[in-house]
Amino acid sequence: MAVEPGLNDIETSAVKQATGGGRTLAATVPRLILEARRVAATVIHGLHGRRRAGPGENFWQYRRFSSGEPAARVDWRRSARDDHLYVREQEWEASHTVWIWPDRSPSMAFASALLPDSKLERALIVGFALAEVLVQGGERVGIPGLMRPTANRNIIEKMAEAILHDREERASLPPSFVPSPLAEIVMLSDLWAPIGDVHKTIAQLSAAGTHGHVVQIVDPAEETFPYSGRIEFVEPEGAGAITAGRAETWRSDYVARVARHRADIRAETDRLGWTFAVHRTDRPASELLLVLHSRMGAGPAGTGINRWHALGQTGGAA
Amino acid sequence: MIGGLPLGFAQPLVLLGLLSLPVLWWLLRLIPPRPRRISFPPTRMLFDIVPKEETPARTPWWLTLLRLTLAGLVIIAAAGPLWNPPVATSSRAAPLAILIDDGWAAAAAWDARIRTADELIARAEADNRGVALVPLSETGRDISMQTPGAARVRLKQIKPKPHTLERGEALAPLGRFLAAAPDIELVWLSDGVDMGRGQEFIEALSRTIGSRPITVVEGGIAQPHALAAADNAAGALSVKVLRAQTGGSDTGIVHALDLKGLPLGDAPFAFKSDERETEAVLDLPVEIRNDVARLEIVSERSAGAVQLLDKRWRRRTVGVISGSSSDTAQPLLGSTFYLGRALNPFADVRLAEGAAPADAVARFLDQNLPMLILADVGNVAGEAHDRLTKWIDGGGVLVRFAGPRLAATDDDLVPVKLRRGGRILGGSLSWEQPQQLAGFARESPFNGMAVPNDVTVNRQVLAEPDSVLTERTWATLADGTPLVTAQRRGKGVIVLFHVTADTRWSDLPLSGAFVEMLKRLVSLAGSTIATETNTPGRREAVPATRVLDGFGAFEPPPATARPVPAGFTGRASADHPPGFYGPPEGLIAVNTLAPADRMAPLDVSALNARREVYRLGEPQDLRGPIFLGALLLLLADAMVVFWLAGGLVALGRRRRAVTASIAAAMLAACLLASPHAQAQALSPADDFAMKSSVQTKLAYVITGDAEVDAISKAGLQGLTLFLAQRTALEAGEPVGVDPARDELAFFPLIYWPVVPGAPKPPQIALTRIDAYMKQGGSILFDTRDAVDAPPGPGGEMRAPGMMTLRTILSALDIPELEPLPRDHVLTKTFFLLKDFPGRFSNGQLWVEATPADSEEEPSRPARAGDGVSSILITSNDLAGAWALRPDGQPMLPLMPGEARQREFAFRAGVNIVMYALTGNYKADQVHIPALLERLGQ
């Protein structure tokens, strides 16, 4: 598909706005610390310590041995100094990789009348804000096919540069790659691609056991179909056009069709343990960010490192 | 010609294209409008929706109508529509015979007829066809074929005839002509009026022309009106207005004129839509009515629209009824004899002989007489009395004479209440003498008559003195008793002579005043053409005096006009054109239409002819406006399509580019639309004037030497700065002027550095300089050569700059100059100065010579001429001393170079500028102490 000439401009301005917007938005939410239920065994080490106990090389603290723990954890050198048994804890230096995929395809440039934000802008704002929050929390963030995961402090600038310098074709769905099983994927897209493609992409990405969140960002007009009269609808990505003689008669069918499309996606995500959310651009962006924050921060498994670590800390303090 | 409209088409066959409109309609209905294009990301979802059975959105009906109108307009315009198309002929080869109705009925719209004929001739000329002009009134001459050019000349000579057209007489020559020229096309420019024998003519014409094509041109112009049957009845003057065609209401005004052409009155008329005749009634006082000699329809120029009135409309018939039965025994003493003799010169007298007064009154009323005289009739009884009353109310004039019978009866047909019995003056039982006539009331018709002194009244009937007696009295006797009384009743009047109509009671019937009085009374009466009873008619012929032409204007009678018998009442003809006949005192009017004539429309259906109407205006090509309308519709259609396709939204997306281009286009349109826009910008001269006049500025003359000009500019800038520092004058930036180009009047002082060897300024510059100096400006010439001057007295005069200045000044009107005197006001205007140094200090400042001290006036501290010296000449290079560099340092060194010299150079400049600005104000300042002292302060 040829990139529409005006699209680059649209994207540039959207990126510029989203850079500031994302930062502002990120400042409004607390640090997002990923639920890390599988992080314990991660092999990827972060560059910076996480200021808490966890798998790592550097000493963090000694804590009292609690009964029931494997005896191999006892640090006998320290325990020999007094009557108690101590466990030596290292600083948790592992970091989590989060792949954020903001859909930048031409269809995302759509914005219905009277709405200031296009879908693209919304996706970028939320993506940037999420990245900022994650990096502050010590995670590594990357864009599939565009930016390797990094925990750079200026993550927003890095992402913006990567996006601006990418002059390739913009695909609607992330490219096929194999993320680490412990990584997380956040897909911010309108998901108007054929349901087969969506299924295929999700299946591929989750093949290694990667966890993911699928967010459908839609314009209100795409949900309510407020059209009437004789209208030729053109797919902005070149998939064709269709002329509705009287668009108002198509509304109910369209709404049903969109519901079915979403049900299909939701069925797939549910099957894989992913989450699926729908976000409308007439709602505030913080809403979506909060949803993602809550979903990523506290997973359903409930056995995350945080909790474990919190228990351990309590135990250490005791 | 379409449906009565003067509309024609150059290519009528193109109109068949209108048949394609239904097909176009069907196609337009079928093709839906272009849909709005909307970029919609979830379009893939729509792909899966099975399209419903939906009625296709059709083009809105009004859009279809718009487009059909557009197509129709284009087709109509392509057919070449013409407003007022010229009259067409059916063939283009056959010679043309143009029959022209040239009677009075054609005169009203003669120009339209001539123009139509002219167009026909022009067309024949274009087609190389012969033309025969056949004026239907000219039956004498044979018809011949002419070239179109000759026919056009002939056409100009045809004038409408004032009489009614006898078309039938033209048939014979036409028949002869047609027999000689079998292949001919006829066009009849008809007036559409049938005065009686039209049908006969049509049938004869139909036989004469046989199968030749004929076109009848008729209508399209205002139809002619005519006047007939003027009737000066007792109440009013009425005239019938005729027209040929019914239909349509038609109004107008009938104008009444006297014999000299002065207007007397107007009467409107209005046709109802189904009327062919109506009446106009002139409600004028009878005296004025009797002066009417001519009635005409306003703005209708034809002889038929004129009615001439002669004395027959003015001469009244008077019925005389006598109450005495013995009159016949002594006819020469009877009142009827006196009355008849008195009335005969100006009225027809009808006597009631041997009849009872009531019968006589009834008979005369039947005869519709305007005036009755009852001589000593005591009473009119019964039905006749009622009729008489009604007749008086309707305008009749009843004149009664007193007598024994009247004095003995009660009667209400008298103006004043009478006493029973008579009064005898001068009799044996009376003290009083017979009375003389004393005078006539001012408001009576007798006003202005000479009071006769030969009238004596012996007996009279007396009126009861009451309040109305005085105003009803028209003539009084010397003792104040009334002789004639009158009363207006309705439109009529009753007049009572308080004496008899014979000589028994008075001498009045014997005097000339009696005739005059009766004459004036008769003129009160309306004039009706009384039903003829016995007019033997004098069979003498009278010649024409003034006749009407076809347009209804008077002209001298033509040679062909023949005399008419006196009493001629028929309609006018070619031999007897309408007009006045006979001597001025006894004019006989011959009118175009007889009283019984009526107009009828001419029915030409028997001719089987093509019909055309006259064209009032020039043919106009309607293609332009129609194409323009189509273009506007096309624009509207484009806008509609644009709008239907979501044009404004699309426009919004490309807002910047489109807005810019629209703005550019509008700007261009504005510029095109208003060529004055640029004219409103100031012209350079105005700009210069504006800049120079808002602020006082010093000026220097641009010499063309760049170095000198730069020094001048810098010098004046320095002086301006010094002025601003030391004085109240904050002048603007100095200006360089070119006397040949710039207006100098804005500057109080112009500094003119003289460059040695400079050419003499052009004449226009010299003229300006001269004018500037005369208007009070000052020019400071600076030769800048004091250092170059040869030593010795007068050496300054031989310096090169001074020589050049001489050539410049030689062409100017320069006053006498003198070296600056010590006491000149220039030395005191701001600073007290002795000399005026510049870069050099040895130069001399020359000014206009001031008048020398007179003996009676003691020398004053400051001397000044009456004004400012218009010329100052120095050689000290003042500007060089004033000139400052931008950093404030002096630009040029001084000679001899004392520091004070520059300060004094500036001071000299200040004094010169102040002198130029304030003039001799400073010189007058010396009087202030004296003035203050005189004021007592």
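The values are calculated or read from the model by the stated rules, or taken from the named source; none is laboratory data. Just so it is clear, the model here is predicted, and its values are computed rather than measured. All Cβ positions, even for glycine, are placed from backbone atoms using ideal geometry, and neighbour counts span all protein chains on display.
The listed residues are A:PRO181, A:PRO144, A:PRO174, and the only one of them that is surrounded by fewer than 24 Cβ atoms within 10 Å (Cβ to Cβ) and either within 20 Å of B:PRO41 (Cα to Cα) or within 14 Å of the chain's Cα centre (by Cα) (or both) turns out to be A:PRO144.
Matching residues to (1) out of contact with any Asp or Glu (no Cβ under 9 Å at 6 or more places or on another chain); (2) closer than 16 Å to B:VAL318 by Cα:
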residue	(1), (2)
B:THR336	no, yes
B:GLY340	yes, yes
B:ASN344	yes, yes
B:LEU365	yes, yes
B:GLY378	no, no
B:ALA381	yes, no
B:ILE392	yes, yes
B:ALA402	no, no
B:ALA408	yes, no
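The combined condition, being at pLDDT below 85 and either surrounded by 23 or more Cβ atoms within 10 Å (Cβ to Cβ) or over 54 Å from the mean Cα position of the chain (by Cα) (or both), is not fulfilled by B:GLY448.
This table checks each residue for (1) surrounded by 18 or more Cβ atoms within 10 Å (Cβ to Cβ); (2) more than 10 Å from chain B (Cβ to nearest Cβ).
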{"position": "A:THR210", "(1), (2)": "yes, yes"}
{"position": "A:ALA221", "(1), (2)": "yes, no"}
{"position": "A:PHE225", "(1), (2)": "yes, no"}
{"position": "A:ALA239", "(1), (2)": "no, no"}
{"position": "A:ARG246", "(1), (2)": "no, no"}
{"position": "A:ASP253", "(1), (2)": "no, no"}
{"position": "A:ARG266", "(1), (2)": "no, yes"}
{"position": "A:THR275", "(1), (2)": "yes, yes"}
{"position": "A:ASP282", "(1), (2)": "no, yes"}
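Applying the condition of being away from every other protein chain (no Cβ under 14 Å) and modelled with pLDDT of 85 or more to segment A:164-183 and asking which residue is farthest from A:VAL258 (Cα to Cα) yields A:PRO175. Look at (1) within 18 Å of B:LEU496 (Cβ to Cβ); (2) not hydroxyl-bearing (Ser, Thr, Tyr); (3) not in a loop (DSSP other than H, G, I, E, B) and you find that B:GLY378 fails only one, number (3).
Checking the stated criteria, B:LEU719 turns out to be in the same structural domain as B:MET891 (by TED's automatic domain parsing), touching a Phe, Trp or Tyr at 6+ places or on another chain (Cβ under 6 Å) and surrounded by 13 or more Cβ atoms within 10 Å (Cβ to Cβ). Among the residues examined, B:ARG167 qualifies as under 44 Å from the mean Cα position of the chain (by Cα) and among the charged types (D, E, K, R).
As for segment B:426-437, it holds at least one residue that is within 30 Å of B:ARG289 (Cβ to Cβ) and buried (at least 17 other Cβ atoms within 10 Å of the Cβ).
When the residues of segment A:194-208 are narrowed to those that are of a type in the set (A, V, I, L, M, F, W, C) and not in a loop (DSSP other than H, G, I, E, B), which ends up nearest to the other protein chains (Cβ to nearest Cβ)?
The qualifying residue nearest to the other protein chains (Cβ to nearest Cβ) is A:ILE195.
Checking each residue in segment B:17-41 for being at the interface with chain A (Cβ under 7 Å from one of its Cβ atoms) and free of Cβ contacts under 8 Å to residues at least 12 places away in the same chain picks out B:SER39, B:PHE40, B:PRO41. Of everything in segment B:547-562 that is more than 37 Å from the chain's Cα centre (by Cα) and surrounded by fewer than 17 Cβ atoms within 10 Å (Cβ to Cβ), the residue that is farthest from B:GLU169 (Cα to Cα) is B:ALA559. Filtered by the rule that a residue be closer than 25 Å to B:PRO748 by Cβ, charged (D, E, K, R) and at pLDDT 80 or above, segment B:843-894 gives B:GLU848, B:ASP877. For A:SER66, the test of being away from every other protein chain (no Cβ under 14 Å), touching a residue at least 60 places away in the same chain (Cβ under 8 Å) and hydroxyl-bearing (Ser, Thr, Tyr) is passed. Sub-9 Å Cβ pairs linking a first residue in segment B:117-145 that is within 18 Å of B:ALA106 (Cα to Cα) to a second residue that is of a type in the set (Asp, Glu) and at pLDDT below 80, at least 6 apart or interchain, are B:LEU136/B:GLU166; B:LEU136/B:GLU169; B:SER137/B:GLU166; B:SER137/B:GLU169; B:THR139/B:GLU166; B:THR139/B:GLU169, ordered by first then second residue. Checking the structure you have, find out if any residue of segment B:761-773 is crowded, with 17+ Cβ neighbours inside 10 Å, of a type in the set (Val, Ile, Thr), in the same structural domain as B:LEU894 (by TED's automatic domain parsing) and at pLDDT 90 or above. Within segment B:761-773, none of the residues are crowded, with 17+ Cβ neighbours inside 10 Å, of a type in the set (Val, Ile, Thr), in the same structural domain as B:LEU894 (by TED's automatic domain parsing) and at pLDDT 90 or above. Any residue at all in segment A:266-273 that is in the same structural domain as A:LEU120 (by TED's automatic domain parsing), closer than 23 Å to A:LEU134 by Cα, at pLDDT 80 or above and not small (Gly, Ala, Ser)? Yes, because at least one residue in segment A:266-273 is in the same structural domain as A:LEU120 (by TED's automatic domain parsing), closer than 23 Å to A:LEU134 by Cα, at pLDDT 80 or above and not small (Gly, Ala, Ser). Candidates are the residues of segment B:272-295 that are surrounded by 21 or more Cβ atoms within 10 Å (Cβ to Cβ) and modelled with pLDDT of 80 or more; the one that is farthest from B:LYS159 (Cα to Cα) is B:LEU282. The residue pairs whose first member lies in segment A:88-107 and is at positive phi, whose second member is modelled with pLDDT under 85 and crowded, with 24+ Cβ neighbours inside 10 Å, and whose beta carbons are closer than 9 Å, counting only pairs six or more residues apart or on different chains, do not exist in this structure.
In the set (1) in contact with a Pro (Cβ under 8 Å, 6 or more places away or on another chain); (2) within 30 Å of B:GLY395 (Cα to Cα); (3) not in a strand (DSSP E or B), B:THR251 fails one condition alone, (3). Annotation: of all residues in segment A:255-264 being more than 7 Å from chain B (Cβ to nearest Cβ) and without any contact (Cβ under 8 Å) to a residue 12 or more places away in the chain, the one that is nearest to B:LEU46 (Cα to Cα) is A:ALA256.
Residues in segment A:89-116 that are modelled with pLDDT of 85 or more and part of a strand (DSSP E or B) were compared, and the one that is nearest to the other protein chains (Cβ to nearest Cβ) is A:PRO102.
Within segment B:201-214, the presence of at least one residue that is part of a strand (DSSP E or B), touching a Leu at 6+ places or on another chain (Cβ under 7 Å), at pLDDT 80 or above and surrounded by 18 or more Cβ atoms within 10 Å (Cβ to Cβ) is confirmed.
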